[in-house]
Amino acid sequence: MAKKKLNVGLIGYGFMGRTHSNAYCKVGHFFDVPYEPVLRVVCGLEEKVAKAFAEQWGYESYTTDWHKVIEDDKVDVVDICVPNNVHAEIAIAAAKAGKAIVCEKPLALNGVQGKKMVDAIEKAGVANLVSFNYRRVPAVTLAKMLIDEGRLGRIFHYRANFLQDWTISTKVPQGGMGTWRLDVKAAGSGVTGDLLAHCIDTAMWQNGPIGSVCAMTETFVKERMHVETGKVEAVGIDDACTFFCRFDNGSLGNFESTRYARGHKALYTFEINGEHASIAWDLHDLHRLSYFDHRDESIVRGWRSVHVTDSDMPYMGNWWVPGLQIGYEHTFVHQAADFLVNLAKGKPTSPTFREALATQYVCDAVLASAKEKKWKKVKKA
Ligand SMILES: NC(=O)c1ccc[n+]([C@@H]2O[C@H](COP(=O)([O-])OP(=O)(O)OC[C@H]3O[C@@H](n4cnc5c(N)ncnc54)[C@H](O)[C@@H]3O)[C@@H](O)[C@H]2O)c1
């Protein structure tokens, strides 16, 4: 039977525009989803690039004005893959137009703006999802399952890192495609909103809410050329951030992110220590979950490296045969699959805008703590 078509309007043809387009193209081939995504229109700043992107990925049309995507009656889902400072305006307009919305992370520039977005989508009652994709790495989902089953017992420690090294050169500019991340007006913050937001989302999903934080940040390169103005301008983002926190369940958290860790490209790691067992995961070896269980017989007790490929592992029954791996782009396919299945059932897909607002509030508290040099309570979303 022919599936109902779901017309997608994609805004932003950059890095994330590609991952999301790829997911819409693949999802129906690997997952039993109730809709057939149709690539209706793509939008980006440069007409030539938008046209080429539409041709390459099979979008029916292209535009340089995102309002046209919202005004298109045929568009069912607006997918927001633009820099952080444009999320709110588009999401609020899309909600008013009754569109389902997928929005890239972080939700907004800050919690105040994020709250306006949550109010708009909840008032409109539209389906919504924020793209914290690392939750949908099968090994990360497995970690969540093991915690929920109580295998770790009481959790004492949660530590996470997200390390990169691409902004060490003073010649890297701020502003423009990709490097908008270094411009505080476009990004809202530096590593806190860009990288730690991922760690915070995963951590709160696995280990519950964070109640209070104590942080320090640093901006190592104080001035950079701005691509749009052509002038050397002050850098307003945090280049590095380290924070401690207390989770509401009594466990302690320790988070670090930097773009100055020479040798690391995208090293996202977490380790969780519980009363009975510990779990560790590493994005550079994303298909393995390290697990230690103190209840094992002592003569064979030790860290196991679970290769998460068997068909009973999260999402893996939809891919190849046991032993064969998948990778980064598949997290977006999983996200699209969950979103489409839940959309048909009228159920929310996590993380919703409200859940992403909780992450935004942690980021706000982290930045405020670093500025004021004191512990800060996290606002509840
Ligand atoms: N989930 C993840 O792991 C992940 C990874 C990278 C980026 N992101 C998020 O995705 C978003 C986009 O990041 P990116 O790396 O794809 O950026 P990018 O620089 O590669 O692409 C940005 C795109 O936005 C378009 N754009 C900018 N302003 C616009 C406007 N006013 N109207 C229409 N189009 C506009 C540009 O033309 C470009 O196509 C950001 O919010 C970022 O934080 C998430």
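The values are calculated or read from the model by the stated rules, or taken from the named source; none is laboratory data. These numbers come from a predicted model, not from an experiment. Cβ atoms come from the backbone with ideal geometry, glycine included; neighbour counts cover every protein chain shown. Heads up: the accessible areas ignore ligands, DNA and RNA and are worked out on the full protein's heavy atoms, side chains in. Shrake-Rupley method; radii C 1.70, N 1.55, O 1.52, S 1.80 Å.
Only one entry of LYS371, LYS379 meets the criterion of being more than 21 Å from ASN161 (Cβ to Cβ) and either touching a Lys or Arg at 6+ places or on another chain (Cβ under 6 Å) or not in a loop (DSSP other than H, G, I, E, B) (or both), and that entry is LYS371. Just a yes or no: is a residue in the stretch 282-302 open to solvent by less than 10 Å² (accessible area, probe 1.4 Å) and β-branched (Val, Ile, Thr)? No, the conditions are met nowhere in the stretch 282-302.
Summed over the stretch 137-170, the residues that are among the hydroxyl-bearing types (Ser, Thr, Tyr), open to solvent by less than 10 Å² (accessible area, probe 1.4 Å) and assigned to a helix (DSSP H, G or I) give a count of 0. Taking the stretch 82-122 as the range and being of a type in the set (D, E, K, R), outside any loop (DSSP other than H, G, I, E, B) and within 13 Å of the ligand (Cβ to nearest atom) as the test, the residues that pass are GLU89, GLU104.
Here ASP119 clears all of (1) touching a strand residue (DSSP E or B) at 6+ places or on another chain (Cβ under 9 Å); (2) over 15 Å from THR202 (Cα atoms) except the condition numbered (1). Residues that are within 20 Å of THR359 (Cα to Cα) and aromatic (Phe, Trp, Tyr) were ranked within the stretch 123-181; the one that is farthest from the ligand (Cβ to nearest atom) is TYR158. In a loop (DSSP other than H, G, I, E, B) and more than 20 Å from the chain's Cα centre (by Cα), is that true of VAL306? It is false that VAL306 is in a loop (DSSP other than H, G, I, E, B) and more than 20 Å from the chain's Cα centre (by Cα). Search the stretch 178-220 for residues being in a helix (DSSP H, G or I) and among the acidic types (Asp, Glu), and hand back the single one that is surrounded by the most Cβ atoms within 10 Å (Cβ to Cβ). Taking the candidates together, the pick is ASP201. Checked across the stretch 116-136, the condition of being over 29 Å from GLY176 (Cβ atoms) and open to solvent by less than 10 Å² (accessible area, probe 1.4 Å) holds for at least one residue. Among the residues in the stretch 100-114, are any among the basic types (Lys, Arg), modelled with pLDDT of 95 or more and over 30 Å from THR309 (Cα atoms)? Within the stretch 100-114 (the criterion being among the basic types (Lys, Arg), modelled with pLDDT of 95 or more and over 30 Å from THR309 (Cα atoms)), the answer is no, since none of the residues qualifies. Here the stretch 1-23 is the region considered, the condition is being more than 10 Å from the ligand (Cβ to nearest atom), open to solvent by 20 Å² or more (accessible area, probe 1.4 Å) and at pLDDT 95 or above, and the residue that is farthest from ASP73 (Cα to Cα) is ASN22. Scan the stretch 51-76 for residues that are surrounded by 15 or more Cβ atoms within 10 Å (Cβ to Cβ) and either touching a Ser or Thr at 6+ places or on another chain (Cβ under 6 Å) or in a loop (DSSP other than H, G, I, E, B) (or both) and jot them down. Once the filter is applied, which keeps residues that are surrounded by 15 or more Cβ atoms within 10 Å (Cβ to Cβ) and either touching a Ser or Thr at 6+ places or on another chain (Cβ under 6 Å) or in a loop (DSSP other than H, G, I, E, B) (or both), the stretch 51-76 yields TRP57, TYR59, ASP72, VAL75, ASP76. Name the residue, out of ASP65, ASP79, ASP72, that is modelled with pLDDT of 95 or more and either farther than 25 Å from VAL118 by Cβ or touching a Phe, Trp or Tyr at 6+ places or on another chain (Cβ under 7 Å) (or both). Going through ASP65, ASP79, ASP72 in turn, just one is modelled with pLDDT of 95 or more and either farther than 25 Å from VAL118 by Cβ or touching a Phe, Trp or Tyr at 6+ places or on another chain (Cβ under 7 Å) (or both): ASP65.
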